[in-house]
Amino acid sequence: MEKAKISASQLFILMVLFELGTSLLLPIAMDTKQDAWLAILLGMVFSFVLFLIYHKLYSYYPDLLPTEYMQKILGKALGTVLAFLYILYFIYDVARVLRDIGEMLLTFAYPDTPLFIASALLILVTIYTVRKGIEVIARSGEILFIFMYILAVTGFILIVCSGLIDFTNLQPVLEEGISPVLKVIFSQILYFPFGEAIVFTMILPYLKNPQKAKVTMLCATGLSGINLVITMLINISVLGVDLTARSQFPLLSTVQSIQVADFLERLDVFFMLALVIGGFCKISILFYAAVIGTANLFKIKSPSRLSYPLGLLILFMSMTISSNFEEHLHEGIGVEMFVLHIPLLAIIPPLLLLIAFLKNRKKQRG
């Protein structure tokens, strides 16, 4: 492990930025139409259970990375295989987020720029940040967090002043009952964006005050969840259900609608900065977890050496992961959700916790 420590407030900021990341960008939970905000809200509440499971595992092994305590729980062979699967998951998730941000930049700002160039520039900045360690990532997050929220508050005020909000677009509530909402929660929202924060189990051993980990994780998830609910309420109120569902990037479409006093308009490029900040923080955290996990699993003394080869691998994966953005979104909502997210985020951690509980109880009796 790296010889570094971060504070509870820094962990809080990193978690908020991570969970907002690409979830602000994409039309999540739109299968529930105008009830998307409710699906996000309930998904946030149910995700607390997952975070309590992640935290309990951490409390059993506070000084160990998951790549280490998986081997203690399951044994050397099986634990190593499972740890390697999680590292591959982090690498794959970085590639997906990198593709999301690259596509957004090309769509709204650089239509004539090759996707490879936009993605390469972003991954180079991320490689530099990750090489500096978790403390630099945390301090960068503190600065970017303030800037991002200034943009968010400014955008909210401008949207209200533009008179774009129409609350009738949110009606009727629960038109088709609670079943579609619950289906979306347990097939999508619970894992993206909330469950993805399992990556912070790789960060928790660096926390200065371990006793604050649980409250910090739950508060950060609560804040990011409320922000996503407000964002979805605004998107549907301004654009309507159909346009929000059809839009690749609903928030930017909403911001494009801003027009105040006939001179404040076309602010989408300005607010793209906030989305790039969230995406950059999410990429950095996932990338760092992949680097530190690989170094720990394969006993590499200098983790920073892995940043360049893994960075190139992630760049290559982001370019080849799908042939177009529609296919990319389909894989994320369909294939990835059931093949990766549900097993790795919701099934395996409770099983690990059960085995760890039984082993620790046996030790206590002994």
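The values are calculated or read from the model by the stated rules, or taken from the named source; none is laboratory data. Computed from a predicted structure; not experimentally measured. Quick reminder, even Gly has a Cβ in these numbers, built from the backbone with ideal geometry, and neighbours come from all protein chains shown. Protein only, heavy atoms only, side chains kept; ligands, DNA and RNA dropped before computing areas. Shrake-Rupley method; radii C 1.70, N 1.55, O 1.52, S 1.80 Å.
Figures for the structure shown
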{"item": "Sequence ranges 41-48, 243-250, ranked by mean other-Cβ count within 10 angstrom, highest first", "result": "41-48, 243-250"}
{"item": "Alpha carbon centroid spacing (whole Å) that separates segment 270-293 from segment 219-250", "result": "20"}
{"item": "Heavy atoms of THR107: accessible area, 1.4 Å probe, square angstrom to 10", "result": "70"}
{"item": "Ordering of 191-197, 85-91 by burial proxy (mean other Cβ atoms within 10 Å per residue, highest first)", "result": "191-197, 85-91"}
{"item": "Folded to 0 to 90 degrees: helix 115-132 orientation relative to the chain principal axis, Cα", "result": "40"}
{"item": "Centre separation in Å (Cα based) which lies between segment 61-102 and segment 22-43", "result": "27"}
{"item": "Read-out Rg and Dmax of the Cα atoms in Å, derived from the coordinates shown; its label in (i) 25.2, 81; (ii) 20.4, 76; (iii) 21.1, 61", "result": "(ii)"}
{"item": "VAL269/ILE143 FRET efficiency (R0 25 Å; Cβ-Cβ; nearest 0.05)", "result": "0.75"}
{"item": "Rounded to the nearest 10 Å², the accessible area of ASP63 at probe 1.4 Å", "result": "120"}
{"item": "Greater than 19 Å apart at Cα, pairs in LYS5/LYS212; LYS3/LYS359; LYS5/LYS132; LYS72/LYS359; LYS72/LYS363", "result": "LYS3/LYS359"}
{"item": "Convex hull of segment 29-153 built on C-alpha atoms - directionally averaged projected area, nm²", "result": "11.5"}
{"item": "Dipole magnitude (debye, nearest 20) for segment 229-335, charges at Cβ of Lys, Arg, Asp, Glu", "result": "760"}
